[in-house]
Amino acid sequence: MVSEAEKYKAEDSAAARFQSKNNLESYAYDLRSSLNDESFSSKFYPADKATLQFVTDITIRWLERSQEESKEEYEEVQQGLEHVTNQIMQKLYYSTINHVGGFPRPGEIPGDGGAPGRFRPSGRPRYGGF
């Protein structure tokens, strides 16, 4: 009975890892596809588009090399990619609304212009500095 429980626990762990990896792959490839769509990507500042392309490419290359990472590692990389993406999306949003009412203009958002990403010694993408 205990061995069955351990077997199912291992299967659940593998399924959770697989799901985390699929979520990250889906997010990264959807972002890459959106950036290749000129009607969407033309709305970004060139530097922001380059940053998004850079972090997306880093993530996809890491995924191609990292097939057996833990669930937590996949989730950490996805959170980093989402953080960078959300920063740029907020900047895009603020640049498109009417600037009445004290909304910040591009360049006034705290953390705007940080490094797009760094690598840890292990090679795993690290998104920080924003």
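Observations on the model:
- Options Ser70, Ser66; residue that is surrounded by 15 or more Cβ atoms within 10 Å (Cβ to Cβ), at pLDDT below 95 and closer than 20 Å to Leu24 by Cα: Ser66
- Top-ranked residue in segment 3-24 [being charged (D, E, K, R) and more than 13 Å from Glu75 (Cβ to Cβ); ranked as modelled with the highest pLDDT]: Asp12
- Hey, Leu92 at pLDDT 85 or above and aliphatic (A, V, I, L, M) or not: no
- Test: residue in segment 44-57 that is among the charged types (D, E, K, R) and over 16 Å from Lys91 (Cα atoms): yes
- Within segment 43-56, the presence of at least one residue that is at pLDDT below 90, open to solvent by less than 60 Å² (accessible area, probe 1.4 Å) and at negative phi is confirmed.
- Members of segment 11-36 found to be of a type in the set (Asp, Glu) and open to solvent by less than 70 Å² (accessible area, probe 1.4 Å), listed by number: Glu25
- All of Gln79, Gln67 fail the test of being within 14 Å of Asn23 (Cα to Cα) and not in a helix (DSSP H, G or I), apart from Gln67.
The values are calculated or read from the model by the stated rules, or taken from the named source; none is laboratory data. Model, not experiment: these values are computed from the prediction. As a convention, Cβ positions derive from the backbone with ideal geometry for all residues, glycine included, and neighbour counts pool all protein chains shown. The protein model used for the area step is the full one, side chains on, heavy atoms only, and it has no ligands, DNA or RNA in it. Shrake-Rupley method; radii C 1.70, N 1.55, O 1.52, S 1.80 Å.
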